[in-house]
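Notes follow the structure.
Nothing in this text is a laboratory measurement; each read-out follows from the coordinates by a stated rule. On a predicted model such as this, the values are computed, not experimentally measured, just so you know. For neighbour counting, all protein chains shown are included, and Cβ atoms are generated from backbone atoms with ideal geometry for every residue, glycine included.
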Amino acid sequence: MNAGFDNALADGTPPSATAARPVHRTHRFRLLLQRELWEHKGGFVWAPVIAGLVFLFVTLMGVAVGEAAMRHGDGNVTVNGREISIASVDLGSITSHMSPHDIREFGQGLNGALYVSAGWSLLVFGFVVFFYCLGALYDERRDRSVLFWKSMPVSDSETVLSKLATALVVGPLLALGAGLATMLGFLLLVGAFAMLHGANPITLVWGPADPLTVIANLAGSLPVYVLWALPTAGWLMLCSSWARSKPFLWAIIVPIMAGVLLGWFDLMGADGIDNGWYWQNVAGRLLFGTWPGTTLAYVADQPGVHGHDVIESMGPFAGLAANWELLLRPAIWIGAIAGVAMIFGAIRLRRYRDDN
């Protein structure tokens, strides 16, 4: 080490120059991801966590209200032909008379509640990603921080792709983690309520429920979500890089006005115009793809599919199978290609856009 230092001095080169090493591209990309998370920690980290805590608080308040109603109530309920007082309800006695079919039905209800508990964080995450993509390239032009970042040895492609990866890969993983933590907290609350009323939470709650299947459904759907949300993220980032002001209005008004014009032509009797197809496959994909779960609504709305029957027939992995079934449809791939094209346009606009 000292010999290298002496040689550097003999050559007249500063020691820092000889010690410097070019930053590898993957390391540079990781630093860009860290920068995005550092600047938007409130949206990607704390917003899903707070949403989960709000759900748990509301659940706890509901349990407290139910407990008060049960203690002060004077009514009766009929269970398997027996009259049971609400004030002295014993869940252990009730569940001991449940048939295996009843337990399975109860477990499916618990799984539905688990999806709802995890869905709060994912719902809030959809709003976070929508407005993050909308301001990802506009905000840095508005506050002129883009001048600083363009002076760094980072290309426009790396910058835009790091923002895209934050929105569609890192962000969903963080939101899913918050949702799963909320789901486990919900199970603990329901188990505690069952235990207070003479039931074994293992046999009544944690046994019939299947949180591992719920986790597999949610985590396994993430790759499909990335493809599904790509046109929405591409459109929002394209508007963010192009609009000189108010990118939200441009992102909303353009597809809505196009739909209104198509509807007007449809009313005028123009042939070959399917206004409903436009709202579902174009406007809907441009504006609502950041919310997880919209894929299931698309599958259930297809011709030949009878709403919830497609979910009922798939068993425990209904959501996962329905999401992956989308990979067989051209719509998701056409949308992904359109999203890639719009991301490319956002990169080019960031390179040459000058609001001065």
- Which order, highest average first, do 167-179, 50-62 follow once you tally other Cβ atoms within 10 Å for each residue and take the mean per peptide? 167-179, 50-62
- Query: Exposure proxy check: Met342, Met237, Met152 ranked by fewest other beta carbons within 10 Å?
  - Reply: Met152, Met342, Met237
- Kindly put Asp143, Asp156, Asp210 in sequence by how many other C-beta atoms sit within 10 Å of each C-beta, fewest to most. Asp143, Asp210, Asp156
- Task: Can you put Ser145, Ser117 in order of Cβ neighbours within 10 angstrom, beginning with the fewest?
- Result: Ser145, Ser117
- Task: Output the peptides 333-341, 120-128 sorted from most to least packed, where packing is the average of other Cβ atoms within 10 Å over each peptide's residues.
- Result: 120-128, 333-341
